[in-house]
1. Taking only the range 370-382 into account, find how many residues are in a helix (DSSP H, G or I) and surrounded by fewer than 18 Cβ atoms within 10 Å (Cβ to Cβ).
2. If you take the residues in the range 313-340 that are touching a strand residue (DSSP E or B) at 6+ places or on another chain (Cβ under 8 Å), open to solvent by 30 Å² or more (accessible area, probe 1.4 Å) and modelled with pLDDT under 90, which one is farthest from residue 372 (Cα to Cα)?
3. Considering only residues that are in contact with a helix residue (DSSP H, G or I) (Cβ under 9 Å, 6 or more places away or on another chain) and either in a loop (DSSP other than H, G, I, E, B) or among the aliphatic types (A, V, I, L, M) (or both), which ones fall in the range 236-257?
4. Tell me whether the range 426-447 contains one or more residues that are modelled with pLDDT under 95 and among the aromatic types (Phe, Trp, Tyr).
5. Name the residue, out of 298, 315, 310, 367, that is assigned to a helix (DSSP H, G or I) and among the hydroxyl-bearing types (Ser, Thr, Tyr).
6. Return the residues of the range 417-440 that are assigned to a helix (DSSP H, G or I) and more than 24 Å from residue 383 (Cβ to Cβ); say none if nothing qualifies.
7. Provide a single number: the residues in the range 297-312 that are open to solvent by 50 Å² or more (accessible area, probe 1.4 Å) and either among the hydroxyl-bearing types (Ser, Thr, Tyr) or under 27 Å from the mean Cα position of the chain (by Cα) (or both).
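The values are calculated or read from the model by the stated rules, or taken from the named source; none is laboratory data. Note that the structure is predicted; figures quoted are calculated from it, not measured. FYI the Cβ positions are ideal-geometry reconstructions off the backbone, even for glycines, and counts take in every protein chain you see. Just the protein is used for accessible areas: all its heavy atoms, side chains included, with ligands, DNA and RNA removed. Shrake-Rupley method; radii C 1.70, N 1.55, O 1.52, S 1.80 Å.
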Amino acid sequence: MATHLLRNGATCWLLRNCISRQATLRRCLHVTPSLDKTVSFHLSDIGEGIREVTVKEWFVKVGDTVEQFDNLCEVQSDKASVTITSRYDGKITKIHHSIDEIALVGKPLVDFDVLDEEGDDADDSSSSSTSSESSASETEQSQATGAAATSTGGRMITPATPSVRRLAKEHQLDLAKVPATGKHGRVLKGDILEFLGQVPPGTNVPHPTLVTKKPGASAAAATAPAVSAPADRVEVLKGVRKAMLKSMTESLKIPHFAYSDEIDMSQLVKFRSQLQAVAQEKGVPKLTFMPFCIKAASIALSKYPIVNSSLDLASESLIFRGAHNISVAIDTPQGLVVPNIKNCQAKTIIEIAKDLNALVERGRTGSLSPADFADGTFSLSNIGVIGGTYTHPCIMAPQVAIGAMGRTKAVPRFNDKDEVVKAYVMSVSWSADHRVIDGVTMASFSNVWKQYLEQPALFLLH
């Protein structure tokens, strides 16, 4: 009996110590694939306050091996196209965004399987990427789980995201009492705001899964012939249109002062025709009125520098800009963009015409860079090439003034001898920030600009 107990005790001791130790060793064992370094390449800041871009083209695919500074993709911001290059040597294991999708600055763009020489930075980036992906999957799983109200232990669970539950808790609301408009009865943030009276009633439209058919609707449909109406389409703003939303929202905060006038372009029409041959020899195929308008604006800015300033609201001060970087509105396939011609005060009309043609060409091909949009000080828009006469242009902050030229038309006018003659008249509309520019200053600026266009020989003095 003693021998039997001793044998059983020894067996238990072996099982408790040796086998548990082997299990512990197995748990601590790592296989070779865990040493692989997967790095998430994050989209870096490309300047000008750009926070998101649209992926336009991928130069690589999953499984490709790349080296440092190889081209990965081309992205389109609200201002320019930028080519993204690789920071690592390795193989691409994942592409996070398809073509025409939005990529956020600071978020993963592609994943690399890099070499061991990459060091600790790769480990840190990989761990952060893995944790973010696991948290994202957990969030999606929790949202999928709460897609519909479920009964657990006699308690009804109302579907809602954690942020919505936190908002309801802050206002001490019972989610079951809030009318839901989300898919399959999910309570949305707008539902809570409408329940609290912070938004007008009816703001939130119920999801189609909640809409019930009315009695007799089928009978009415059977008697009346079906009329197919075009379906509505929802398009997310991006690129140039999204930039317009932001800039025009800021523009509406500026108190605009409007001033309009007419310019007799008859002498400039003759002057330009005399310069066409010389312009072609200088590399300008077609000399338009726009270079003359830009140069005349630069001369007027020299006499009234406050129009070439920018307003700093934080310090309540004006910044008088030395360079005349005149922004010009250009119609491109991506939309209306406003790059600028640098240092117009130091350039001739022919040089301005060359720079303008180069900007137009880059705009048509989508190759404008962020530098083409930076540091604009004053704006001109030639809406007359499309049509119309007078308009009300919107100031692009932090600039304080903008001008828009209408269409040049042949109209009858009286000359000095009271004779009716044919005259070419162009209308111009100015908008100024009335917080810093008064009406007299804007009218005086316009008169100088008008003088040089009506007497183009004055350009020879500059």
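1. 2
2. If we take residues in the range 313-340 being touching a strand residue (DSSP E or B) at 6+ places or on another chain (Cβ under 8 Å), open to solvent by 30 Å² or more (accessible area, probe 1.4 Å) and modelled with pLDDT under 90, then 334 is farthest from residue 372 (Cα to Cα).
3. 236, 237 - these are the residues of the range 236-257 that are in contact with a helix residue (DSSP H, G or I) (Cβ under 9 Å, 6 or more places away or on another chain) and either in a loop (DSSP other than H, G, I, E, B) or among the aliphatic types (A, V, I, L, M) (or both).
4. So far as the range 426-447 goes, no, none of its residues is modelled with pLDDT under 95 and among the aromatic types (Phe, Trp, Tyr).
5. 298
6. Keep residues of the range 417-440 that are assigned to a helix (DSSP H, G or I), which gives 439-440.
The answer is 440, and nothing else.
7. Here the count works out to 3.
Yes/no per residue for (1) modelled with pLDDT under 95; (2) under 34 Å from the mean Cα position of the chain (by Cα); (3) open to solvent by 60 Å² or more (accessible area, probe 1.4 Å):
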position: 402; (1), (2), (3): no, yes, no
position: 407; (1), (2), (3): yes, yes, yes
position: 413; (1), (2), (3): yes, no, yes
position: 417; (1), (2), (3): yes, no, yes
position: 420; (1), (2), (3): yes, no, yes
position: 452; (1), (2), (3): no, no, no
position: 460; (1), (2), (3): yes, no, yes
